[in-house]
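*Asks:* The structure that follows is given in the form of structure tokens.
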Amino acid sequence: MKIFIISIGLLLHFASYGQNTLFKQKNKILEFNYGVADSGGLERMNEMEKIKYELKFVEKTYRKSIFNDYTFETEIKIDSNDYEQAWMKLPNNFKYTFNGVAIYDKQGSFLKTIPCSQEQKDDLKSEKETIALNGYHPGIAAFPVFQANLKSTYQLEGYTYESINSSEFKISKGTSKTTYNTSNLTIIEEYIDEDGIKNKITNGYEAMENNKGFLLKIEKHERFTNLEKGPCVTETKLRYFTNYEFEDNGNLINKTLNTDDQINLFPNPNTGVFTAAIKLKQGVSISSAKIINLRNGQVTLVDAVGKSMIEVNKPDLPSGNYTFQVSTSENKTINANFIKN
């Protein structure tokens, strides 16, 4: 009888475990990839170039859950006209957990699991400890407040600050410039990439409830390319972020916001090239900084010791969701999530 009672207790424990979730996020990402040719541009394209620039559409459903022991899993489902091609044999559903990446086909049938390496397990453990200590802040952007101290910091770092009007500000350095519009809630980044091609990224946001930040609603990435017979095409990726749902039963977002130590990271999303402005309590310093890939836990170290304004130049990072994590002299960690295009 005693064994029976213990067994029932264990079953109830495991049955309730999956329901004891501290945080849930769910949203959709709609991606459109296309090229716009000028008059006569299509005639100058060869067949492969025409295929490259025809419209492609991808829909992703993104889910993230953080459980009562601060472990977490991320699930991404993909629906695309590209994935319909049987010869491509691409999976449609990925679930990232502490054990590895479980891969499923469109019908939901399990295909295989790619186990985590020891390094990835260590990084996942580190992120778990960070969430337990500091809470969790999903990909919510913040618009920098251009007060005197921030302006002077920009000047020391070689940036040019320009106030266009009461709600629009521009920061530039070399061929790169970022324009913030606090009225329209847009951030526009313009730069020349490593191939010498001009890029323009326009991000539009909406205010999150209770003044917790701004959710990304639309991202437009234009790349002004050159064909063999001259420039004629704007390669464009348009992404819509919709159907946001948050359940913060563990109060993890508020725990992240209620801190004296902050990271103001901009632009966000970015190309792996961004600025992180660090605000710490008096007498506290940075001991280390790193970038964590939230999909696979891979870590990239960043030189940040003794700095308050960190210039990050990591264009080779794969596209995806990341956390910029700073450790302080008080043995605390602070985080800022960002999206790498």
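*Asks:* For residues that are part of a strand (DSSP E or B) and either surrounded by fewer than 12 Cβ atoms within 10 Å (Cβ to Cβ) or on the phi > 0 side of the Ramachandran plot (or both), tally how many sit in segment 163-177.
*Replies:* Final tally of qualifying residues: 3.
*Asks:* Still on this structure, I have one more. Which residues, taken from segment 155-166, are closer than 14 Å to Glu311 by Cα and in contact with a Lys or Arg (Cβ under 9 Å, 6 or more places away or on another chain)?
*Replies:* The answer is Glu157, Gly158, Tyr159.
*Asks:* Here is a follow-up. In segment 256-275, how many residues are part of a helix (DSSP H, G or I) and crowded, with 17+ Cβ neighbours inside 10 Å?
*Replies:* Total meeting the criteria: 1.
*Asks:* Could I ask something else about it? Do we have any residue at all in segment 146-157 that's acidic (Asp, Glu), more than 17 Å from the chain's Cα centre (by Cα) and assigned to a strand (DSSP E or B)?
*Replies:* no
*Asks:* If you don't mind, there's one more thing I want to ask. Regarding Ile218, is this residue of a type in the set (Val, Ile, Thr), touching an Asp or Glu at 6+ places or on another chain (Cβ under 6 Å) and at pLDDT 80 or above?
*Replies:* no
*Asks:* Show the residue pairs meeting these rules: Cβ distance below 9 Å; 6+ apart or different chains; first residue within segment 167-194 and without any contact (Cβ under 8 Å) to a residue 12 or more places away in the chain; second residue surrounded by fewer than 19 Cβ atoms within 10 Å (Cβ to Cβ) and not hydrophobic (A, V, I, L, M, F, W, C).
*Replies:* From segment 167-194, the pairs are Lys170/Thr160; Lys170/Tyr161; Lys170/Glu162; Lys170/Ser163; Lys170/Lys177; Lys170/Thr179; Gly174/Gly158.
This table checks each residue for (1) closer than 20 Å to Lys200 by Cα; (2) part of a strand (DSSP E or B).
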site: Thr234; (1), (2): yes, yes
site: Arg239; (1), (2): yes, yes
site: Ile253; (1), (2): no, no
site: Ala277; (1), (2): no, yes
site: Lys281; (1), (2): no, no
site: Ser287; (1), (2): no, yes
site: Thr323; (1), (2): no, yes
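*Asks:* Also, quick follow-up: Just to be sure, is Asn337 farther than 18 Å from Thr130 by Cβ, in contact (Cβ under 8 Å) with a residue 40 or more places away in the chain and either surrounded by 16 or more Cβ atoms within 10 Å (Cβ to Cβ) or not charged (D, E, K, R) (or both)?
*Replies:* Criteria not met by Asn337.
*Asks:* Within segment 296-307, is there a residue that is in a strand (DSSP E or B) and either basic (Lys, Arg) or without any contact (Cβ under 8 Å) to a residue 12 or more places away in the chain (or both)?
*Replies:* For segment 296-307, residues in a strand (DSSP E or B) and either basic (Lys, Arg) or without any contact (Cβ under 8 Å) to a residue 12 or more places away in the chain (or both): absent.
*Asks:* Just to be sure before I move on: is Glu228 of a type outside the set (Val, Ile, Thr), farther than 24 Å from Asn33 by Cα and at pLDDT below 80 in the structure I sent?
*Replies:* Answer is no for this residue.
*Asks:* If a residue has to be in contact with an Asp or Glu (Cβ under 7 Å, 6 or more places away or on another chain) and either farther than 18 Å from Pro269 by Cβ or not in a strand (DSSP E or B) (or both) to count, how many in segment 178-193 make the cut?
*Replies:* Result for segment 178-193: 1.
*Asks:* Of a type outside the set (Phe, Trp, Tyr), free of Cβ contacts under 8 Å to residues at least 24 places away in the same chain, surrounded by fewer than 16 Cβ atoms within 10 Å (Cβ to Cβ) and under 27 Å from Ile29 (Cα atoms): does that describe Asn210?
*Replies:* In short, yes.
*Asks:* Let me ask something additional. Just to verify a result, which residue in segment 296-334, among those that are modelled with pLDDT under 85 and aliphatic (A, V, I, L, M), is surrounded by the fewest Cβ atoms within 10 Å (Cβ to Cβ)?
*Replies:* Val305
The values are calculated or read from the model by the stated rules, or taken from the named source; none is laboratory data. Every value quoted in this text rests on a predicted model; they were computed, and no experiment measured them. Heads up, the Cβs are rebuilt from the backbone with ideal geometry, glycines too, and the neighbour counts pull from every protein chain shown.
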